[in-house]
Amino acid sequence: QPAPTLTDGSQRIREDMRKIVLDARDKVFPALANISVITVNYATGQETKGGQNGSGSIISKDGYVVTNHHVVEGGKKFKVTLADKQELPARLVGDDPLTDLAVLQIDMKQLAPGTELAVANWGESTNLTIGDTVMAMGSPFSLSRSVTLGIVSNADRVFTGGGGDDVEEMEFDPGQRTGIFTRWIQHDAAINPGNSGGPLVNLQGQIVG
């Protein structure tokens, strides 16, 4: 039996959706960055260095990059790789474990002459509803930038402690869970290690999470 073919209407819908996704991707991809972090830990009484990677979005022409707190946690040195492969040092401007957010700033003096940073734009996350299509963008496994597609299944998810309805006790201990005060957007776009800190994007090419 030959494989069934798409009807003209189905083919148009498929092509229209592909164009919408690519247009939205192209609005954000130039501002998508890979973040490399050198960590230092003294928990054993000795200095132990390590590394971790994540993703982020450039949100201003002067080099501010938004990512997750758990990407930069324990970091002493930070490097941001731009879409054009420039690798630039950055400093931690601030982070907040309770909302799992952090902001880095690229060392603008290290930019190649003539480089103008691409900037991603914000959307309105409160406009999201169940069934909306969203895209997760980032650099999974420190590989090249990628986009995955999914739908919103809950636009206002809250996670509390495992022992009841109250928010778990807030102690800044090793292994402390972050994002306690975040209202999460639950969706089924694929997420892999290294995607952390990358943007969740609506079909208008705007960051919504």
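Quick note: the coordinates plus some simple rules give every number you see, no bench work behind them. Since the model is a prediction, treat every value here as computed from it, not as a measurement. Cβ: placed from backbone, ideal geometry, glycine included. Neighbour counts: every protein chain shown.
Using helices alone, I'd like the mean residue ellipticity at 222 nm for the chain: each DSSP H run of four-plus residues gives -39500 (n - 2.57), total over residue count, nearest 500.
Details: 2 runs with 25 residues, N = 209.
Rounded to the nearest 500, it is -4000 deg cm²/dmol.
Return the inverse of the average 1/r over all pairs of distinct C-alpha atoms in the stretch 72-128, which is the Kirkwood hydrodynamic radius, in Å to one decimal.
Values: mean 1/r = 0.0741 Å⁻¹.
By the Kirkwood definition, the hydrodynamic radius is 13.5 Å.
With N denoting the number of residues in the chain, provide Rg(C-alpha) divided by 2.2 N^0.38 Å, to two decimal places. Display every interim value, and only then the final one.
Working: Rg = 19.2 Å, N = 209, 2.2 N^0.38 = 16.8 Å.
Rounded to two decimals, the normalised Rg is 1.15.
For R157 and N121 in one chain, what is 0.36 nm times their gap in residues minus the Cα-Cα distance, to one decimal in nm? Before the final figure, lay out each step's value.
Details: separation 36, 0.36 × 36 = 12.96 nm, distance 2.35 nm.
Between R157 and N121, full extension yields an extra 10.6 nm.
Quick check: residue separation of F181 and V93 times 0.36 nm, minus the Cα distance between them. What number comes out in nm?
My answer for the length gained is 29.6 nm.
Roughly how many Å is it from the Cα centre of the stretch 64-103 to that of the stretch 104-147, as a whole number?
A separation of 12 Å, based on Cα centres.
Quick check for me: using +1 on Lys/Arg Cβ and -1 on Asp/Glu Cβ, what's the dipole size of the chain about its Cα centre, in debye to the nearest 20?
Computed charge dipole of the chain: roughly 860 debye.
Mind checking the angle between helix 8-28 and the chain's longest principal axis? C-alpha axes, 0 to 90 degrees, to the nearest 10.
30 degrees
For the stretch 37-113, which trypsin sites (Lys or Arg not before Pro) pass both filters: DSSP loop (anything but H, G, I, E, B) and at most 11 other C-beta atoms within 10 Å? Working shown, then result.
Details: sites: K49, K61, K76, K77, K79, K85, R91, K109; in loops: K61, K85.
Qualifying residues, ordered by number: K61, K85.
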